[in-house]
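Where a number appears in this text, it was derived from the coordinates with a stated rule and is not lab data. Remember, it's a predicted structure, so these values are computed and weren't measured experimentally. Every residue, glycine as well, gets a Cβ built from its backbone with ideal geometry; the counts of neighbours run over all protein chains shown.
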Amino acid sequence: MAEIAIATPATPPVAKTANAIAKAALVMLLALALLYPDQSHLRDKAAGMRAVGYPIVSFAVPLLWWTLWRDRMSFPWLPDLLITITCFTDILGNRMDLYDTIVWFDDWIHFMNTGLLAAAIILLSLPHTSGLGRCVERALAVGATGAIAWELAEYFAFISRTSQRSFVYGDTLGDLALGVSGALVAGILVHRLWRRGLLVAT
């Protein structure tokens, strides 16, 4: 089981504001997606599952902190923001139709969002004195698990019902590789920021 770090990274005020704005915007975009799925470019793309799953994910840290961690650590603003961004960027990308109009956007989202999620879990579950090997190990565990879970969710949500499902195998492998690569980069980056004192304990 992952350890909960006693101290959390110092967070600039802008991260707190960005966190609140991202959460509010996410809820608004999800409501619009349910009301107007065509305008949100989410028809047949599991809008309902996103409307349920994304709030659960983006509000998980506040709930866990309030019920389990508040006596041991200050609120982890930065990890919470990173997790919220992973949900917000996906729903915003669909709303702006970036997945269908920018050929590399889907690849970038798989790389970036898995990396952000891995960074958040590292910040939440490891002390800032952890070595590179431990950071990379945690990042790969989170990245591989998250990437596989996302591909399974995509398959059962809408890929399994499309007539082109026999052609998505290569795309799935590419998404898995990008997700794991993003997590690896995140693990190395968090470790380096810790070593340079740019992410310091409060």
Would you calculate the separation in nanometres between label points at residue 28 and residue 101, each defined as 7 Å from the Cα along the Cα-to-beta-carbon direction? 1.9
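Round to the nearest 0.05 the FRET efficiency obtained for residue 49 and residue 70 when R0 = 35 Å and r is the Cβ-Cβ distance. Please report the intermediate quantities before stating the final value.
Details: r = 30 Å, r/R0 = 0.87.
Efficiency, from the Cβ-Cβ distance: 0.70.
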